[in-house]
Amino acid sequence: MIPDQEACPLCSGPCQGFHSRVDQEVRSVIRCPACGDFLVTDSAVDLLDTYDKKSLLAGFMREATDMAGRKAPFVTDDVWFAGRTLTAKNLDAVAIQCPTTVSAKIDKLLQAIARRSEHPGAEVSLKVEHWAPLAYAARGEIEYYLRHAGDSQWIEFPSHHAKGKVDAVLRPEGWRRVDDLSRVGLQSDQAFVAMWFDESVRPAYERGIAPAISAAGYRPLRLDSEEFNEGIPDRIIAEIRTSRFVVADLTGARQNTYLEAGYCLGLGLELILTCRKDHLDGTDPSKRVHFDLQHRNLIAWDDETNLKDRLASRILATVGPGPLVTSVK
């Protein structure tokens with residue numbers, strides 16, 4: 001398929017777009033060199049014409065794309081774009097997750113430069129208009145943030161640069177700031193659990209997931225709540241952000257779980273996936289694990305004891321023993 005060449009609905013810069021009609025609404029996959037890859041509905045595009053927080057949405061989609069680690073396909077699929085979908089109903093719900101203070105935006109800028117640095121001391125060279133989403137900033141703001149980061153000795157600007165581009169190098173103080181930001185989650189003793197809120201899987205949590213997390217030295221947290229489709233509730237966002245890692249059980253194929261897993265990946269947190277075996281045989285397409293997550297080392301379980309033992313081992317192997325651990329066998 002050949003995508004259209006058009007203007008990005010977030011930054012107005014050139015982008016590629018692929019459009020398809022789903023349930024009487026046009027949905028578009030946007031691939032923008034500034035804002036990243038995301039899915040948007042035509043009703044959202046109409047609202048974005050006059051929406052005053054587009055720079056925040058552009059930053060959110062840019063960071064989420066960076067964290068995904070690979071280009072999304074030109075397929076209008078909600079699950080593939082979990083956490084990266086804009087609709088008429090969720091614009092404010094996405095925007096509220098974004099940094100709005102000067103210090104928080106500069107922190108995002110430093111983290112983005114670190115992700116793009118091939119090695120310490122490497123130059124990051126981008127077109128002027130591509131810098132703004134890295135700081136969740138409007139084009140008129142980004143020069144201020146770059147200048148402030150330079151004055152604070154976090155970045156430096158080589159004297160040579162191509163026309164229309166800005167080159168920056170993260171200084172040792174900048175790397176130290178990025179390291180400090182990454183330690184916030186590393187010091188947490190909390191593990192967030194995303195799963196279906198149904199009686200059929202309650203034993204899996206109470207006798208499998210929760211005791212496995214506790215055995216590895218962490219405190220499990222599951223927030224029972226109503227189903228949601230448009231954005232993630234603020235309480236869940238806050239708890240995921242302050243967690244050391246996330247366990248997502250995909251049994252039931254609930255959209256909530258996929259959204260929370262996608263948000264976790266967007267933050268760069270460790271994500272451990274589990275799923276009951278009867279959802280993996282392909283007999284019921286509505287319960288099948290989405291193909292974007294099939295490449296991950298998922299724990300397929302058939303009883304709670306099996307789940308507990310394998311999950312505890314996985315946590316210790318990938319995250320390490322937590323601060324509450326009493327013994328590690």
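The values are calculated or read from the model by the stated rules, or taken from the named source; none is laboratory data. Just so it is clear, the model here is predicted, and its values are computed rather than measured. No Cβ is skipped: glycine too gets one built from the backbone with ideal geometry, and neighbour counts run over all protein chains shown.
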For segment 65-108, what are the residues that are surrounded by fewer than 18 Cβ atoms within 10 Å (Cβ to Cβ), modelled with pLDDT of 85 or more and within 14 Å of Cys35 (Cα to Cα)?
Asp66
Filter result (modelled with pLDDT of 90 or more and under 21 Å from the mean Cα position of the chain (by Cα)) within segment 1-28:
Cys8, Pro9, Leu10, Cys11
Taking the stated definitions as given, is Val166 in a strand (DSSP E or B) and under 30 Å from His279 (Cα atoms)?
no
Can Asp189 be described as at pLDDT below 90 and in contact with a strand residue (DSSP E or B) (Cβ under 6 Å, 6 or more places away or on another chain)?
yes
Taking segment 237-265 as the region of interest, how many residues are over 26 Å from Pro321 (Cβ atoms) and at pLDDT below 85?
8
Please find, within segment 42-58, the residue that is modelled with the lowest pLDDT out of those that are buried (at least 18 other Cβ atoms within 10 Å of the Cβ) and small (Gly, Ala, Ser).
Ala44
